[in-house]
Amino acid sequence: MIERDLVIIGGGSAGMSAAIAAYDAGLTDILIVEKGRQLGGILNQCIHNGFGLEEFKEQLTGPEFMTRLAVEVKKRNIPIRYQSNVLDLTKNKVVTYSNAKEGIVKVKAKAVILATGCYERSAGAIQIPGERPSGIITAGTAQLYLNEMGALVGKRIFILGSGDIGLIMARRLTLEGAKVLGVSEIMPYTNGLNHNIVQCLHDFDIPLYLSHTVTKTYGKSRLEKIEITEVDEKFNPLPGTEKEFEVDTLLLSIGLIPSNDLLKKLGLPVSKARGAIVDEHYMTDIPGIFSTGNVLHVHDLADYVAAESRSCGKGAAAYVKGAWNLDSPSFNVNPGNNVLYVVPHRVRLANLDDHLTIKFRVNRPLKNQVLTFTFNGEVIKKIVKPIIIPSEMQKVRLPKEVFNTQEGELIVSSEDRT
Amino acid sequence: MKELICIICPRGCRLKVDDNLNVTGNLCPRGIIYAKTEMTNPTRVITSTVKINSKNAVRLSVKTAQAVPKAKMFDCMRELDKVMVEAPIHIGDVVIHNICETGVDVIATKDIEE
């Protein structure tokens, strides 16, 4: 069997960043297994701006951002297997992948990083009543068709869900000549970044219907019409508030889900973020198996994915070199009041360099809050936030010194400011 | 007083601009420039694609190297429709000079080797 120090599954921003960091930490025997024909993953179809401000201090498009990383991967001569699907991953870190050239290959790795990204929630997940004509597709699929294949998915379009991909597609489709009649969001607030609401909807006078959802679809072979209805706070449609739109396409932008099939195969638990349970270097409960990027928790920005994955890659290198004491004491990190999830879930203080980065989301929009970090009953940090929304991931660095012991529990909560 | 959401980066600062174009609420200096431009002559960077003759791709992603006037966005899109480029092409290569007399070039945002 072929042996490798590190196998990275996925060559998007997470996989590439992890590979570069692991290599630079002295672990050079790396293999990247990528399902696509090129590196970069989903960034290849994200032709819009907004990438790179954190990582490169300049405004880049998705393809430009991924090229910066791909150039670094190639400089290091890190081998890549393209158009390769991982079929299996065992607890002993044997990765089985297949491709047309090599057939089925088994690789025994000392460490494995899961960097498989996420996928879109589809129509089946939300059970829209009505007929099942063609023309109901996810926003990301429409993005792939338009940006990589040059095909416009429809002429009159409605978008269900106010996630960022949906907003970005509202603008893209409008610029390409389609008419976007509106965006509906079942929640009373949007799930997209504010700057996308402005430049993708306001710029083109596309109405946003908050607390509205699609309640019916009509059409025999192709979608002809949809009905949206206002909902109450329990998401029940309010009779009499129906509106109809004649459209040939309904785009769904209703959320992203980590692609965690391999994790489930390993029998590992799934977090509230629908990813792995990990430690401070993003290692799962199985020593040597790591998870990073959107497969761990869905990020707002590729920049954040890159930063997290660097830390993961460095961690994987330290693990393979035996630089870590896996038996050293640890504390748990748990979500408290108003917090949906926290990453990481467990921290071995001894293995941290100088600070701990905590990432989390609140579970609903809140005003006048104090982000509160409570360690074994004692508040160790507070951050005042006038407004805080679920769609903006919070990222807080805590210096190692604020922890006076290595064990116990850190609770992250958002409390009312009094 | 007008309230704006800054679109320069994904942070989306909530800006306030008074009648004398004094800006508050920005977390970086770019917010001030954005608010002033937005109040006087709003501009946007366009990202799109053009046709490419290549073995591996049918579209090349492109952007305007700087922001263009918002009112000229659709004119620029029509110009992009007319273009066909040949591989190889590299990030930063100019695809259209001075699009729609804006003084701004359209450049490739991806490397396509063959």
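Determine the relative contact order of region A:176-252: mean sequence separation of Cα pairs under 8 Å and six or more apart, normalised by residue count, in whole percent.
25
Take A:Thr405, A:Thr229, B:Thr102 and order them by how many other Cβ atoms sit within 10 Å, fewest up front.
Starting with the residue having the fewest Cβ neighbours, the order is A:Thr405, B:Thr102, A:Thr229.
Can you put A:Phe235, A:Phe375 in order, fewest other beta carbons within 10 Å first?
With the fewest neighbours first, A:Phe235, A:Phe375 line up as A:Phe235, A:Phe375.
Under 27 Å Cα to Cα from A:Lys220, which lysines show up? Leave out anything in the same chain fewer than 8 places away.
In chain and number order, the partners are A:Lys155, A:Lys179, A:Lys243.
Most mobile of B:Val23, B:Val68, B:Val95 per a Gaussian network model of chain B (Cα springs, under 10 Å)?
Taking springs between Cα atoms under 10 Å, the residue moving most is B:Val23.
Report the dimensions of chain A along its three principal axes from the alpha-carbon atoms, largest first, rounded to Å.
64, 63, 40
Can you work out the FRET efficiency for the pair A:Asp285 and A:Glu224, with r the C-beta to C-beta distance and R0 = 35 Å, to the nearest 0.05? Intermediate results must be reported in sequence, preceding the final value.
On the way: r = 51 Å, r/R0 = 1.44.
Efficiency, from the Cβ-Cβ distance: 0.10.
Could you let me know the centre-to-centre spacing of region A:70-126 and region A:375-401, using Cα atoms, in angstrom?
Their Cα centres are 34 Å away from one another.
Identify which of A:Arg361, A:Arg222, A:Arg346 has the largest mean-square fluctuation in a Gaussian network model of chain A, with springs joining Cα atoms closer than 10 Å.
Highest fluctuation among the options: A:Arg222.
Give the aspartates and glutamates whose C-alpha is closer than 13 Å to that of A:Lys57, dropping any in the same chain fewer than 8 places away, or say none.
Once the sequence-local aspartates and glutamates are set aside, what remains near A:Lys57 is A:Asp303.
In degrees between 0 and 90, to the nearest 10, how far off the longest principal axis of chain A does helix A:62-75 point, with axes built from Cα atoms?
Roughly 20 degrees between the two axes.
Roughly how big is region A:329-418's charge dipole about its Cα centre, with Cβ charges of +1 (Lys, Arg) and -1 (Asp, Glu), in debye to the nearest 20?
Details: 13 positive and 9 negative charges, 75 e Å.
Charge dipole, region A:329-418, about its Cα centre: 360 debye, nearest 20.
What angle do you read, to the nearest 10 degrees and between 0 and 90, between the alpha-carbon axis of helix B:30-40 and the longest principal axis of chain B?
Computed tilt is about 90 degrees.
As an exercise, identify the GluC sites (Glu not before Pro) in region A:99-189 lying in DSSP coil whose Cβ has no more than 12 other Cβ atoms within 10 Å.
On the way: sites: A:Glu102, A:Glu120, A:Glu131, A:Glu148, A:Glu176, A:Glu185; in loops: A:Glu102, A:Glu131, A:Glu176.
When the GluC sites (Glu not before Pro) of region A:99-189 are filtered for loop state and at most 12 Cβ neighbours within 10 Å, A:Glu102 remain.
Just to be sure I understand the model, the point goes 7 Å from the Cα along the line to the Cβ. What's the resulting B:Asn53 to A:Lys367 distance in nm?
Spacing of the two 7 Å Cα→Cβ label points: 6.0 nm.
Between A:Leu210 and A:Arg346, what is the label-point separation in nm under the 7 Å Cα-to-beta-carbon projection?
Each label point lies 7 Å from its Cα, and together they span 4.1 nm.
Quote the charge dipole size of the protein assembly as shown about the Cα centre in Debye, to the nearest 20; the model charges only the Cβ of Lys and Arg (+1) and of Asp and Glu (-1). Show your work: numbers first, answer last.
Details: 64 positive and 60 negative charges, 127 e Å.
Here the size comes out at about 620 debye.
If I measure Cβ to Cβ between cysteines in chain B, which ones have no partner under 4.7 Å?
When partners are defined as cysteine Cβ atoms under 4.7 Å apart, chain B leaves B:Cys9, B:Cys28, B:Cys76, B:Cys100 without one.
In the protein assembly as shown, what % of DSSP beta bridges are antiparallel (nearest 5)?
Values: 74 of 115 bridges.
About 65 percent, rounded to the nearest 5.
Return the sequence-ordered ³J(HN,Hα) values of region A:394-405 in whole Hz as given by the Karplus equation 6.51 cos²θ - 1.76 cosθ + 1.60 applied to θ = phi - 60°, using x for Gly and Pro.
Once θ is set to phi - 60°, the couplings for region A:394-405 become 8, 9, 10, 9, 10, x, 3, 5, 6, 9, 8, 8 Hz.
Excluding residues fewer than 8 places away in the same chain, name every one of the aspartates and glutamates whose C-alpha is closer than 19 Å to that of A:Lys321.
Qualifying aspartates and glutamates at Cα under 19 Å: A:Glu3, A:Asp5, A:Asp24, A:Asp29, A:Asp279, A:Glu280, A:Asp285, A:Asp353.
Post the alpha-carbon centroid distance, region A:202-261 to region B:16-70, in whole angstrom.
29
For region A:181-197, take each phi angle, set θ = phi - 60°, evaluate the Karplus expression 6.51 cos²θ - 1.76 cosθ + 1.60, and give the result in whole Hz per residue in order, putting x for glycine and proline.
Per-residue couplings from phi come out as 7, x, 10, 10, 9, 5, 7, x, 9, 8, 9, x, 5, 3, 5, 6, 4 Hz.
What length, rounded to one decimal in nm, is gained on full extension from A:Ile104 through to A:Arg76, with 0.36 nm per residue of separation minus their alpha-carbon distance?
7.5 nm
Can you count the Lys pairs in chain B with C-alpha separation below 15 Å, eight or more apart or on different chains?
10
Answer with one residue from A:Gly62, A:Leu340, A:Ser413: the one whose Cα lies farthest towards the positive end of the charge dipole of chain A, charges on Cβ with Lys, Arg +1 and Asp, Glu -1.
Highest projection toward the positive end goes to A:Gly62.
Using Cβ counts within 10 Å as a stand-in for footprinting exposure, how do B:Met1, A:Met283 rank, fewest first?
If I rank by nearby Cβ atoms, fewest first, I get B:Met1, A:Met283.
Could you state the angle between the C-alpha long axis of helix A:302-320 and the longest principal axis of the C-alpha atoms of chain A, as a value from 0 to 90 degrees rounded to the nearest 10?
With both axes taken from Cα atoms, the answer is about 20 degrees.
With labels modelled as points extended 7 Å from the Cα through the Cβ direction, what inter-label distance (nm, one decimal) is found for A:Glu131 paired with A:Asp353?
About 5.9 nm, to one decimal.
Give me the dipole magnitude in Debye, nearest 20, for region A:122-254 about the Cα centre, with unit charges on the beta carbon: positive for Lys and Arg, negative for Asp and Glu.
Values: 12 positive and 16 negative charges, 73 e Å.
Roughly 360 debye, rounded to the nearest 20.
Values in this text are rule-based calculations from the coordinates and carry no lab data. These figures come from a predicted structure and were not determined experimentally. Don't worry about glycine lacking a Cβ; one is built from the backbone with ideal geometry, like all the others, and counts go over all protein chains shown.
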